[in-house]
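Step one of this worksheet: look at the structure below.
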């Protein structure tokens with residue numbers, strides 16, 4: 001079946017649901033009615049899997065009523081009706097019921113799909129402490145003799161070792177366990193995950209006591225993170241007996257340690273929560289995590305005994321838009337508190353890295369080129385803070401602004417103002433005479449007065465600046481501090497060799513452009529420097545990003561409202577908007593997603609200006625939206641430049657600290673790739689699978 005582009009099931013997602021139905025103690029008919037009502041809602045939402053609480057058909061708090069034939073038979077009848085009704089429903093359903101098998105009573109989860117009982121899961125660990133007395137009624141699955149049972153006229157696998165694998169939906173492997181199972185040192189779901197299960201589900205009752213909800217969250221988050229899996233959890237809600245206990249109806253959906261959805265606790269009404277799970281992401285992370293796979297090797301004998309139950313999943317037809325929030329700025333926190341923590345960590349990682357390099361070499365001076373642009377501003381702030389931490393004078397930062405043929409008055413002024421405000425050793429070197437000499441030496445037409453602004457013209461300026469910085473470092477006994485950022489390295493927007501790619505140490509090497517913009521604005525608005533410095537920082541952030549290598553237009557012929565000349569080159573008009581390209585970089589390099597999925601995610605994040613959150617320091621003029629055609633256009637540019645055009649530069653990049661989990665492109669860190677690879681497979685996948 002061919003799915004439309006706007007279907008989550010085309011892009012490796014799976015919609016999961018967890019229901020907390022209203023129920024009555026020892027009233028399976030009523031409980032079935034409420035269970036089916038939520039199942040129909042989940043089906044309408046095109047969910048693929050639906051989890052209900054432990055013994056949800058009978059209620060959990062029946063105590064010795066579980067020994068009554070009438071209740072067990074009524075529960076079995078309710079289960080039969082649910083199996084019949086499931087033929088018209090979309091999701092695989094996990095429902096809880098007490099089942100009498102082998103002359104024992106088991107606390108079971110029953111996996112039902114399209115009129116079939118795919119399997120029966122007995123609870124493994126039976127609690128019998130504090131308020132729990134389950135061993136009075138129930139046997140553990142460990143004492144079961146049979147591996148298959150006859151249930152409602154169907155022969156079904158029986159055990160906690162069942163993996164339900166969709167034969168036609170890659171990555172959809174389901175495992176179920178029951179309540180106490182996850183509270184143990186090695187839950188059954190741990191082995192299931194090692195054997196390939198990506199969706200772990202826990203049918204729970206779990207009464208509530210003070211502080212228990214936080215512990216549940218900790219358990220589910222930890223289990224999902226350690227197992228690199230999704231973890232679905234459903235606790236009993238309204239209707240359970242309050243003779244001695246209380247119930248809060250706690251439902252959660254986690255993915256690899258992150259909470260995707262959570263119910264309202266203590267709600268009077270029944271609830272259904274949904275979340276779209278990224279199966280591709282889980283599979284990718286497991287593939288990369290060598291320690292996860294080493295653990296598989298340590299338990300191969302146990303894992304070989306797990307049973308796979310194949311089934312064909314009827315993928316919902318038509319469009320199924322993504323309901324999962326996707327951050328527009330994956331490198332930039334949108335939550336103010338997380339933002340503050342991120343900024344603190346970024347600065348300290350950068351400063352600590354530079355401190356170590358200076359103390360290890362015995363060098364006490366830093367040489368840096370200051371352009372009045374974003375990257376050199378961030379590097380200069382780091383250098384100043386490093387000197388403060390080392391107890392050295394800020395004058396040990398030897399800062400040079402080096403105007404060329406296209407330097408604007410605005411950036412030159414900002415560079416001087418910033419150096420003065422920070423109290424560093426400020427200098428200006430006009431590189432135009434040296435550039436003209438080189439242009440004359442190589443016979444370039446510009447030296448003869450012809451307006452030829454080719455790549456040679458541009459790189460002569462970039463190379464001359466770097467050459468000056470290295471010789472200044474030799475002369476003063478300093479270390480050249482690099483300024484180029486992660487985004488420029490990804491797109492090859494650096495001059496190779498003796499150019500802005502090279503330095504002795506680069507503190508910005510793994511910091512993307514969007515984060516640098518954000519950091520500088522945050523520094524200015526949080527008042528970390530004096531007012532003069534803050535004003536300069538804001539002016540720098542608000543300046544159009546340009547390499548300033550081609551002469552600008554003058555005054556009224558393209559100037560701004562004040563008549564100031566504007567740059568002839570605007571970087572984002574050449575290589576694409578940095579917010580889009582950083583988004584593409586994150587999902588291509590961090591997760592290895594296929595380009596069509598990256599485009600799908602980008603369109604979800606950026607296709608509607610009102611959807612999602614903007615970092616609160618982002619000015620309104622930077623709040624754009626991008627249609628799918630625009631995303632495809634710039635992603636095409638990214639793929640060519642990243643895979644085909646610029647790897648040779650990254651293979652020779654200088655040292656610099658890895659800052660975030662989003663990755664580094666250093667060949668000594670996160671990214672190793674051949675310099676002469678092709679981009680064909682990525683470009684063809686994008687062009688073939690993303691509509692224009």
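Data table
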| item | result |
| --- | --- |
| Conditions (1) touching a helix residue (DSSP H, G or I) at 6+ places or on another chain (Cβ under 8 Å); (2) within 23 Å of residue 246 (Cβ to Cβ); (3) modelled with pLDDT of 95 or more; (4) surrounded by 19 or more Cβ atoms within 10 Å (Cβ to Cβ); number of the one not met by residue 96 | (1) |
| Residues satisfying the stated conditions in segment 19-46, i.e. buried (at least 24 other Cβ atoms within 10 Å of the Cβ) and out of contact with any helix residue (DSSP H, G or I) (no Cβ under 9 Å at 6 or more places or on another chain) | 42 |
| Residue satisfying condition, being farther than 20 Å from residue 125 by Cα, in contact with a helix residue (DSSP H, G or I) (Cβ under 6 Å, 6 or more places away or on another chain) and in a strand (DSSP E or B), within set 233, 254 | 254 |
| Hits in segment 211-227 (condition: touching a residue at least 40 places away in the same chain (Cβ under 8 Å) and surrounded by 22 or more Cβ atoms within 10 Å (Cβ to Cβ)) | 223 |
| Among the residues listed as 310, 321, 330, the single one being exposed (fewer than 15 other Cβ atoms within 10 Å of the Cβ) and touching a helix residue (DSSP H, G or I) at 6+ places or on another chain (Cβ under 8 Å) | 321 |
| Residue among 520, 545 that alone is part of a loop (DSSP other than H, G, I, E, B), farther than 18 Å from residue 654 by Cα and either at pLDDT below 95 or over 29 Å from the mean Cα position of the chain (by Cα) (or both) | 545 |
| Enumeration of residues in segment 465-496 that are touching a helix residue (DSSP H, G or I) at 6+ places or on another chain (Cβ under 9 Å) and free of Cβ contacts under 8 Å to residues at least 60 places away in the same chain | 467, 495 |
| Qualifying positions in segment 483-498 - more than 18 Å from residue 548 (Cβ to Cβ) and crowded, with 24+ Cβ neighbours inside 10 Å | 486, 489, 490 |
| Criterion: closer than 25 Å to residue 656 by Cα and modelled with pLDDT of 95 or more - qualifying residue of 415, 434, 421 | 415 |
| Residue, nearest to residue 494 (Cα to Cα), within segment 421-460, restricted to residues that are free of Cβ contacts under 8 Å to residues at least 24 places away in the same chain and within 45 Å of the chain's Cα centre (by Cα) | 455 |
| One residue from 418, 469, 380 being surrounded by 21 or more Cβ atoms within 10 Å (Cβ to Cβ) and over 21 Å from residue 494 (Cβ atoms) | 418 |
| Any hit, segment 344-353, residues being in contact with a strand residue (DSSP E or B) (Cβ under 9 Å, 6 or more places away or on another chain), within 29 Å of residue 427 (Cβ to Cβ) and not in a loop (DSSP other than H, G, I, E, B) | yes |
| In segment 333-343, residue modelled with the highest pLDDT [restricted to those that are in contact with a helix residue (DSSP H, G or I) (Cβ under 9 Å, 6 or more places away or on another chain) and assigned to a helix (DSSP H, G or I)] | 342 |
| Odd one out for residue 293, checked against (1) within 27 Å of the chain's Cα centre (by Cα); (2) outside any strand (DSSP E or B); (3) touching a residue at least 60 places away in the same chain (Cβ under 8 Å) | (3) |
| Checking residue 337 against (1) more than 18 Å from residue 169 (Cβ to Cβ); (2) surrounded by 19 or more Cβ atoms within 10 Å (Cβ to Cβ), the condition it does not meet | (2) |
| Residue within segment 607-620 that is modelled with pLDDT under 95, under 21 Å from residue 686 (Cα atoms) and assigned to a helix (DSSP H, G or I) present | no |
| Top-ranked residue in segment 123-146 [being touching a residue at least 40 places away in the same chain (Cβ under 8 Å) and out of contact with any helix residue (DSSP H, G or I) (no Cβ under 9 Å at 6 or more places or on another chain); ranked as surrounded by the most Cβ atoms within 10 Å (Cβ to Cβ)] | 144 |
| Flag if residue 101 is more than 37 Å from the chain's Cα centre (by Cα) and either in contact (Cβ under 8 Å) with a residue 12 or more places away in the chain or crowded, with 16+ Cβ neighbours inside 10 Å (or both) | yes |
| Test for residue 120: is it under 23 Å from residue 44 (Cβ atoms) and buried (at least 24 other Cβ atoms within 10 Å of the Cβ) | no |
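Listed here are the residues, each with its yes/no results for (1) under 19 Å from the mean Cα position of the chain (by Cα); (2) in a helix (DSSP H, G or I); (3) in the same structural domain as residue 594 (by TED's automatic domain parsing); (4) under 20 Å from residue 257 (Cα atoms).
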| site | (1), (2), (3), (4) |
| --- | --- |
| 284 | yes, yes, no, yes |
| 301 | no, yes, no, no |
| 327 | yes, no, no, yes |
| 331 | yes, no, no, yes |
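For (1) in a loop (DSSP other than H, G, I, E, B); (2) farther than 20 Å from residue 500 by Cα; (3) in the same structural domain as residue 629 (by TED's automatic domain parsing), each residue gets a yes or a no:
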| site | (1), (2), (3) |
| --- | --- |
| 652 | yes, no, yes |
| 660 | yes, yes, yes |
| 666 | yes, no, yes |
| 669 | yes, yes, yes |
| 672 | yes, yes, yes |
| 675 | yes, no, yes |
| 682 | no, yes, yes |
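The values are calculated or read from the model by the stated rules, or taken from the named source; none is laboratory data. Computed from a predicted model, the values in this text were never measured in an experiment. Using ideal geometry, Cβ is built from the backbone for each residue, glycine included, and neighbour counts are taken over all protein chains shown.
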